[in-house]
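Below you'll find the structure, written out as structure tokens, and then a few comments.
The values are calculated or read from the model by the stated rules, or taken from the named source; none is laboratory data. Nothing here was measured: the structure is a model prediction, and the numbers come from that model. Using ideal geometry, Cβ is built from the backbone for each residue, glycine included, and neighbour counts are taken over all protein chains shown. All accessible areas refer to the heavy atoms of the entire protein, side chains included, with ligands and DNA or RNA removed. Shrake-Rupley method; radii C 1.70, N 1.55, O 1.52, S 1.80 Å.
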Amino acid sequence: MSAPRTPTSALGPGMAGREVTLLGWAHEIRDLGGLLFLVVRDREGTAQVTLVKAKAPPDLFASARAIPRESVLRVTGTVKAEAKAPRGVEVLPTRIEVVSPAMSPLPMDPTEKVPAELDTRLNNRFMDLRRPAAQALFRLKSEVADAIRSTLRSRGFIEIQTPKILAAATEGGASLFPISYFDREAFLAQSPQLYKQMMMAAGLDRVYEIGPIFRAEEHDTHKHLNEVTSIDIEASHMDHNDVMALLEEVVVAAYRRVAESPLLPPVGVQVKVPETPFRRIPYDEAIRLAGDIRWGDDLDTRAEKAIGEKVGHLYFITDWPTDIKPYYVMPHPDNPRLSRAFDLMHPKMELSSGAQRIHDPQLLTQRIKSKGLAPESFEFYLKAFRYGMPPHAGWGLGLERLVMTMLGVENIREVVLFPRDRQRLVP
Ligand code: ATP
Ligand code: MG
């Protein structure tokens, strides 16, 4: 049996005199002639291993000096208090084993002493992710997902998994990835929309899914990828206002979790928990704030920025023209040109779209036709509306957009392990 592992985070002056085994990477080797500092890095941080030539066994000193950087090590030694070292201790080794050597030169420098271009980093993502700052980012992303999951579960939501290989488009033909499915054509799911709505007919009542969505977006921007993670919810007997309030709650829970996380300080950004309720801005007012948008047009990036600068914090755009939103959004009963659709906006970009949905099958069929789509391709979906479909509402929230805006990350690629864009399919 191997000795129990001591994470670097457990080291401290209180452990002086104890024998420990560190498992990690050779982060840095500083050879000062008679003195050698070996910095060992694990997920929790770094530790200093110190070898004094005059005192250490000669073999140990010579072999430590030759360790290639980024090799995986097992270091056994004794803890000694040392005020100048990280965590106030150093480890005096009795044994250093190279468990798995690293080739040199390295494809990039995970200590960030030599900064690398984004492309180089993404091409060598396994090594890029060894950077402590990158580790912190993905651990915070995991916290965000967990905070959202806990909030939804505490509100009675059930986690579901819907198919990602589909026969029909969810919202029309644009931005779909066709795939060959045996002798037929199929598509990668651009959203779980139709299936989560069908779960309302199934009686699951409140559902959520955290899963991939695929969008054949042609453009190359800092906020679009071709595969991202969507947090989707759908709830029966709720309207647009109910699910907007839930969205606020979920987003605030995510912000709070990150703001209070010990992982945040190493990232070096301030995260302020937004105040609720978020401002609700009807579409008519939003286009006035934006300037040159004609009524009935969608807001482009420039318009979103212009409004964002004026508002300065998270806000909703409500009461969208029915015709620029998907066929399943509920028109206002008293003014069907407008709908019960909303977007949640960060000053820099859209985070979420949602709405109360149409639950009447006749109206839904009519709306599908008016978009130039064939109701026959949606028969499996429409059928679920004919045998008792409760009124319902929901939204889809982009996990990566939430994380990047919260942490002030400029490029969405930074918050995706292996981003998929027009150029990038490997690794
Ligand atoms: P945008 O107009 O900003 O491209 P959208 O309105 O096409 O977004 P929706 O279909 O409303 O996106 O999807 C819901 C949410 O999913 C978006 O608000 C966003 O957070 C996220 N999302 C959708 N497509 C992408 C993408 N290609 N890259 C990153 N996030 C996306
Ligand atoms: Mg949208």
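A compact table of results
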item: Hz values of 3J(HN,Hα) by residue in segment 108-120 - Karplus curve (6.51, -1.76, 1.60), Gly and Pro given as x; result: 7, 9, x, 8, 6, 5, 10, x, 10, 5, 4, 4, 4
item: Å² per residue, accessible surface of the chain at 1.4 Å; result: 48
item: With DNA, RNA and ligands ignored, accessible area of S154 (1.4 Å probe; Å², nearest 10); result: 80
item: Simple label model, 7 Å out from Cα along Cβ direction - E227 to F418, nm; result: 0.7
item: Linear extension gain, D119 paired with D59, 0.36 nm per residue minus alpha-carbon span; result: 17.5 nm
item: Net charge over other residues, Cβ less than 9 angstrom from the Cβ of R206 (K, R count +1; D, E count -1); result: -1
item: Derived scalar couplings ³J(HN,Hα) [segment 217-224; Karplus, 6.51 cos²θ - 1.76 cosθ + 1.60; whole Hz; x for Gly, Pro]; result: 5, 7, 7, 10, 10, 7, 10, 10
item: Inter-site label distance for A259 and R43 at 7 Å from Cα along Cβ, in nm; result: 2.8
item: Alpha carbon centroid spacing (whole Å) that separates segment 319-366 from segment 82-97; result: 61
item: Backbone HN-Hα couplings from phi across segment 178-184 [Karplus 6.51/-1.76/1.60, Hz, Gly and Pro as x]; result: x, 9, 8, 10, 6, 9, 10
item: Candidate lysines for bridging to K369, where Cα separation is under 17 Å - those fewer than 8 sequence places away on the same chain excluded; result: K325, K383
item: Carbon and sulfur %, accessible surface of segment 152-264 computed with the full protein complex present, 1.4 Å; result: 52
item: Helix-only mean residue ellipticity at 222 nm for the chain, each DSSP H run of n ≥ 4 adding -39500 (n - 2.57), per residue, nearest 500; result: -8000 deg cm²/dmol
item: Solvent-accessible area, 1.4 Å probe, carbon plus sulfur percent, for segment 288-427; result: 52
item: Lysines with Cα under 27 Å of K141, excluding same-chain neighbours fewer than 8 positions away; result: K113, K164, K196, K223, K272, K305, K348
item: Inter-part distance where segment 40-57 and segment 176-223 are each reduced to a Cα centre, Å; result: 50
